[in-house]
Amino acid sequence: MTETCRGRCLCKAVNFEIDVPAQSCVNCHCESCRRQCSAPMTTYIGVLDSQWRWTGEAPKLYRSSPGVERTFCGNCGTPISFRSERMSDVMHFYVAAMEEPERFEPELHVAYEEKLSWLNIGDDLPKRNGPEYL
């Protein structure tokens, strides 16, 4: 039997479900993710298209850069996900939008060359430069 995890926006209008396990869980330091989430970094999970579905209102879509689409709640503005042409069969959901974010533990830092200089990282996770996971 498939295990399902749920996520939502702040105002609870946009809801989604994913079937676990996720493909990946990554801390991203790229400027684009930082700006969308207004945070020094963000954490996301990669989920195959066959493993997720919207269960509430569909989010709004914004094309933030060539080949990248980001979603957010049209009511409250909560960032929900992003998709890259490089991994067109995977949706990346922000862990902070999950109802149980503690279930998802990062495995890797990506776009580490864009990390803010004052952000101190004290873990032993691998650190990768470049967009290979976007």
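Derivation of every value follows stated rules applied to the coordinates shown; laboratory data play no part. The shown structure was predicted, so the numbers you read here are calculated from the model rather than taken from an experiment. Every residue, glycine among them, receives a Cβ derived from its backbone with ideal geometry; neighbour counts consider all protein chains shown.
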task = Calculate, in nm to one decimal, what Trp118 and Ala13 gain on full extension: separation in residues at 0.36 nm each, minus their alpha carbon distance.
result = 34.3 nm
Value of relative contact order over the range 11-134, rounded to a whole percent, pairs C-alpha under 8 Å and six or more apart = 28
key: Efficiency of FRET from Cβ geometry, Leu108 and Glu31, R₀ 25 Å, rounded to 0.05   = 0.85
note = Stokes-Einstein D for the chain (20 °C, 1.002 mPa s, Kirkwood Rh from Cα pairs), in µm²/s, comes to 143
remark   = Which residues qualify? For Ser24, with a placed amide H closer than 5 Å and at least 5 residues away or on another chain, they are Gly46
key: the chain, helix-only ellipticity at 222 nm - DSSP H runs n ≥ 4, -39,500 (n - 2.57), divided by all residues, nearest 500   = -1500 deg cm²/dmol
task = Only Lys, Arg, Asp and Glu count, each charged at its Cβ (+1, +1, -1, -1), so figure out the dipole size of the chain about its Cα centre, rounded to 20 debye.
result = 540
task = Order the peptides 50-60, 65-75, 19-29 from the highest to the lowest mean number of other Cβ atoms within 10 Å of their residues.
result = 19-29, 65-75, 50-60
message = Taking θ = phi - 60°, what integer Hz values does the Karplus form 6.51 cos²θ - 1.76 cosθ + 1.60 yield along the range 105-110, in sequence order, with x for Gly and Pro?
response = 10, x, 10, 6, 9, 10
note = Rounded to the nearest 5, the percent of DSSP beta bridges in the range 28-129 running antiparallel is 90
query = Tell me, what HN-Hα J-couplings in whole Hz come from the Karplus equation 6.51 cos²θ - 1.76 cosθ + 1.60 at θ = phi - 60° for each residue of the range 67-84, using x for Gly and Pro?
reply = x, 10, 10, 10, 10, 7, 6, x, 8, 9, x, 4, x, 10, 7, 9, 9, 10
ask   = For the range 88-94, in order, what is each residue's ³J(HN,Hα) by Karplus, 6.51 cos²θ - 1.76 cosθ + 1.60 with θ = phi - 60°, in whole Hz (x at glycine and Pro)?
value = 5, 9, 10, 9, 10, 9, 6
